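J.: The following block contains the structure, expressed as structure tokens.
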Amino acid sequence: MANSSFAPSPSELVVASSLTSEAYGELYIDDGVNIEQESTTYVKFYFSENKLNVQGSVDYTEGSTVVQSVSVLNVQAAPAAVAIDGEEISGDGVEYDAENKVVRVVFRRAAARRHGR
């Protein structure tokens, strides 16, 4: 069923790992109107050994649907390092909430820090 009431907006990916510290999920995006799609986005997420792997295709780019941050739940201690595409980031883009045991990476701030902005 097509649903045009879905308004593209910035999103947060929340990783809630299992007792084995693993998680898996998928994201599918299309125009929300047509049955036959000209382009779509389909991405798979896999979290294991404190690493989030993302694979897929981002062919549907209209609107502003973007994953702007990732929160990883049940993290027992602040991470020693966080990297995006192999580049370590720190500062504003990485937050650790010790009380709730959550690490949050905000991509726009992290990307700006990676590029010296």
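J.: Has the stretch 48-61 got at least one residue that is in a loop (DSSP other than H, G, I, E, B), open to solvent by less than 50 Å² (accessible area, probe 1.4 Å) and either touching a strand residue (DSSP E or B) at 6+ places or on another chain (Cβ under 9 Å) or modelled with pLDDT of 85 or more (or both)?
T.: yes
J.: Among the residues that make up the stretch 64-75, is at least one of them modelled with pLDDT under 90 and exposed (fewer than 13 other Cβ atoms within 10 Å of the Cβ)?
T.: yes
J.: Right, another one. Just checking, which of ALA78, ALA112 is over 30 Å from LEU19 (Cβ atoms) and either open to solvent by 80 Å² or more (accessible area, probe 1.4 Å) or modelled with pLDDT under 90 (or both)?
T.: Result of the check over ALA78, ALA112: ALA112.
J.: Moving on to the next point. Would it be correct to say that ALA98 is at pLDDT 85 or above and either over 15 Å from VAL14 (Cα atoms) or in contact with a helix residue (DSSP H, G or I) (Cβ under 8 Å, 6 or more places away or on another chain) (or both)?
T.: The answer is yes for ALA98.
J.: I've got another one for you. Does at least one position in the stretch 26-36 carry a residue that is open to solvent by less than 40 Å² (accessible area, probe 1.4 Å) and closer than 18 Å to GLU95 by Cβ?
T.: Within the stretch 26-36, not a single residue is open to solvent by less than 40 Å² (accessible area, probe 1.4 Å) and closer than 18 Å to GLU95 by Cβ.
The values are calculated or read from the model by the stated rules, or taken from the named source; none is laboratory data. A quick note: this is a predicted structure, and the numbers were derived from the prediction, not measured. Cβ sites come from the backbone with ideal geometry, for glycine too, and all protein chains shown count toward neighbours. Surface accessibility is based on the protein's heavy atoms, side chains included, excluding ligands, DNA and RNA. Shrake-Rupley method; radii C 1.70, N 1.55, O 1.52, S 1.80 Å.
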